Protein chains: 2
Amino acid sequence: MMLMLNGRLVPTSDRALSANDRGFTLGDGLFETIKVRHGRPLRLDLHLARLRDGAAILRLPLPLQPDQLEESISTVLQANGLHDAALRLSVSRGPGQRGLLPPDPCTPTWVLTAAPLPPAMGPVRAITAETVHRNQMSPLSRVKALSYLDNVLARLEAQDKGADDAIVLNTLDRVAETTIANIFVVGSDGVLVTPPVGDGALPGVRRAELLRSMVAIERSISREDLLNAREAFLTNALSVRPLVAVDTHAIGDGLPGPLGARLNREAEHE
Amino acid sequence: MMLMLNGRLVPTSDRALSANDRGFTLGDGLFETIKVRHGRPLRLDLHLARLRDGAAILRLPLPLQPDQLEESISTVLQANGLHDAALRLSVSRGPGQRGLLPPDPCTPTWVLTAAPLPPAMGPVRAITAETVHRNQMSPLSRVKALSYLDNVLARLEAQDKGADDAIVLNTLDRVAETTIANIFVVGSDGVLVTPPVGDGALPGVRRAELLRSMVAIERSISREDLLNAREAFLTNALSVRPLVAVDTHAIGDGLPGPLGARLNREAEHE
């Protein structure tokens with residue numbers, strides 16, 4: 001495979017990144033996962049908006065313009081012979097010396113990688129992460145930061161327990177999100193809800209789109225609300241997947257709900 | 001300068017790291033900052049013990065043995081003509097493909113860099129970080145992880161306000177640590193205390209040494225306790241520095257306290 005590093009195509013196997021890059025030494029940067037269908041990146045405007053919001057919080061000058069990103073995406077897709085793909089754009093604050101303060105000015109690094117789109121995946125059986133809690137008081141819970149280790153640990157815990165993903169609660173024991181997706185729930189009152197960003201939910205691009213296009217509201221969700229839901233589903237840039245079990249409790253009747261099933265099909269064909 | 005990457009000496013300016021390294025893409029790894037005097041790394045056993053503890057939490061197989069580390073330290077010091085130095089050892093889970101689950105087996109990456117020991121620095125005037133809170137419920141608050149962006153943001157906030165460092169509170173508004181150091185306080189009752197690890201304090205190596213060698217106890221500290229302290233000081237692997245002001249409030253009489261001043265001198269001459 002080929003990736004693009006600061007505008008230059010290099011083989012994925014090349015060692016082409018500085019060992020002093022603050023992305024590596026401090027997790028100091030951001031990333032986006034972008035779905036590509038038939039050569040066309042989906043929701044690119046929303047991804048760029050979120051990247052800009054994150055960059056403002058981190059005070060990281062973005063090193064590439066929208067035009068340049070679109071062109072780079074084409075180049076990387078072509079270099080890998082991909083029409084459908086999962087892209088990842090990582091932006092770090094670039095190389096730095098000892099200590100936490102960045103050099104001024106800094107020279108941000110950006111990396112664009114492409115992988116084949118993962119095959120359609122079935123319903124999700126999740127656990128509730130025990131070791132990891134989302135810190136809803138951190139500005140980082142609102143940005144997709146390279147400092148992502150909390151989610152790695154929760155995902156490993158899920159793997160240990162034979163589950164597909166982990167529900168991450170915040171420090172007030174409210175549902176925030178999973179390690180890779182936002183959560184939507186049709187409550188026992190029939191209302192479609194998703195946790196607010198203030199509860200530690202990452203402002204996902206598909207979440208934003210669904211909140212705009214459907215009758216859904218942002219409302220705090222307890223683990224009990226989730227277990228008692230009529231149905232639940234998980235959304236991220238790549239897919240929508242029904243959530244059918246949490247910690248061995250069935251959600252609804254334990255089968256994909258009608259809304260989640262429909263959105264899943266739509267996402268598979270978008 | 002020269003650094004060591006996976007046992008190989010390379011110029012710091014070289015781009016020698018994989019852009020798919022999980023240290024970069026996910027902050028998936030650990031680091032240690034080690035002080036060197038007269039060519040001798042200080043507290044190496046304590047650093048190695050903490051690194052092993054962190055690796056156990058992350059389930060990251062450590063890629064280098066103590067012997068190899070000692071030899072590598074000598075090599076890096078020699079290559080840079082340094083006798084007194086601040087070393088940084090970073091260990092990541094190595095290159096990975098898309099997603100959170102690591103490859104099995106993984107091939108960890110390690111990087112050893114050396115910089116001249118920073119000159120003796122004076123007393124610290126700190127702020128209390130407003131935007132960032134330590135998540136004492138995360139296992140990551142107990143390991144020195146490559147996912148370090150929270151601390152970068154708090155340090156930037158301190159810089160904005162003309163301060164030297166930021167006190168980071170936990171989600172219960174207790175004092176955890178600063179962005180780079182543990183906090184010790186001589187309370188109004190004359191007892192020397194430092195926040196417990198359960199409050200989000202990183203188990204620092206100098207902190208461990210002081211807890212062993214002095215009459216000090218672990219006890220939760222509120223911001224008010226800190227402001228009312230007789231004296232306070234900050235410790236990390238490189239130094240001990242008196243803390244003389246927090247948010248424009250003087251600590252004690254606003255001058256270095258006797259204990260902090262003595263430990264500062266001892267650290268400068270260790």
Some residue of region A:198-208 being on the phi > 0 side of the Ramachandran plot, crowded, with 23+ Cβ neighbours inside 10 Å and not charged (D, E, K, R): yes
Selection status of B:Val111, under 25 Å from B:Pro66 (Cα atoms) and in contact with a strand residue (DSSP E or B) (Cβ under 9 Å, 6 or more places away or on another chain): yes
Any strands (runs of 3 or more DSSP E) falling wholly within region B:3-66 and containing at least 3 residues that are within 15 Å of the chain's Cα centre (by Cα), surrounded by 20 or more Cβ atoms within 10 Å (Cβ to Cβ) and at pLDDT 95 or above: B:29-37
Scan of region A:245-258 for residues that are farther than 22 Å from A:Asp173 by Cβ and surrounded by 18 or more Cβ atoms within 10 Å (Cβ to Cβ), ordered by number: A:Gly252, A:Pro256, A:Gly257
Failed item, numbered, when B:Asp150 is tested on (1) charged (D, E, K, R); (2) surrounded by fewer than 24 Cβ atoms within 10 Å (Cβ to Cβ); (3) in contact with a Lys or Arg (Cβ under 8 Å, 6 or more places away or on another chain): (2)
Filtered residue count, region A:100-113, keeping only those that are more than 14 Å from A:Gly7 (Cα to Cα) and crowded, with 18+ Cβ neighbours inside 10 Å: 3
Single match in A:Phe31, A:Phe24 (criterion: closer than 29 Å to B:Ala114 by Cβ and aromatic (Phe, Trp, Tyr)): A:Phe24
Counted residues, region B:113-139 - those being more than 27 Å from B:Thr248 (Cβ to Cβ) and free of Cβ contacts under 8 Å to residues at least 60 places away in the same chain: 3
Subset of region B:1-43 [polar (S, T, N, Q), on the phi < 0 side of the Ramachandran plot and in contact (Cβ under 8 Å) with a residue 40 or more places away in the chain]: B:Thr12, B:Ser18, B:Asn20, B:Thr25, B:Thr33
The one condition in (1) out of contact with any Lys or Arg (no Cβ under 8 Å at 6 or more places or on another chain); (2) at pLDDT 95 or above that A:Ala163 fails to fulfil: (1)
Within region B:74-123, tally of residues that are β-branched (Val, Ile, Thr) and within 8 Å of another protein chain (Cβ to nearest Cβ): 2
Hits in region A:173-182 (condition: part of a loop (DSSP other than H, G, I, E, B) and either of a type in the set (Gly, Ala, Ser) or touching a residue at least 60 places away in the same chain (Cβ under 8 Å) (or both)): A:Ala181
Boolean, A:Ala126 is within 10 Å of chain B (Cβ to nearest Cβ) and crowded, with 20+ Cβ neighbours inside 10 Å: no
Among the residues listed as B:Leu140, B:Leu149, B:Leu153, the single one being over 26 Å from B:Glu268 (Cβ atoms), touching a Pro at 6+ places or on another chain (Cβ under 7 Å) and of a type in the set (A, V, I, L, M, F, W, C): B:Leu153
Residues of region A:87-96 satisfying the condition of being small (Gly, Ala, Ser) and either assigned to a loop (DSSP other than H, G, I, E, B) or surrounded by fewer than 20 Cβ atoms within 10 Å (Cβ to Cβ) (or both): A:Gly94, A:Gly96
Residues located in region A:91-128, provided they are within 22 Å of A:Asn151 (Cα to Cα), in contact with a Ser or Thr (Cβ under 6 Å, 6 or more places away or on another chain) and hydroxyl-bearing (Ser, Thr, Tyr): A:Ser92
Residues within region A:211-244 that are under 17 Å from A:Ala181 (Cα atoms) and either crowded, with 19+ Cβ neighbours inside 10 Å or among the basic types (Lys, Arg) (or both), tallied: 18
Filter pass, A:Val185 being part of a strand (DSSP E or B), modelled with pLDDT of 95 or more and away from every other protein chain (no Cβ under 13 Å): yes
Residues satisfying the stated conditions in region A:130-154, i.e. more than 17 Å from the chain's Cα centre (by Cα) and more than 7 Å from chain B (Cβ to nearest Cβ): A:Glu130
Selection status of B:Lys161, of a type in the set (Lys, Arg), in contact (Cβ under 8 Å) with a residue 60 or more places away in the chain and in contact with a strand residue (DSSP E or B) (Cβ under 8 Å, 6 or more places away or on another chain): no
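The values are calculated or read from the model by the stated rules, or taken from the named source; none is laboratory data. Model, not experiment: these values are computed from the prediction. Note that we place each Cβ from the backbone using ideal geometry, even for glycine, and neighbour counts take in every protein chain shown.
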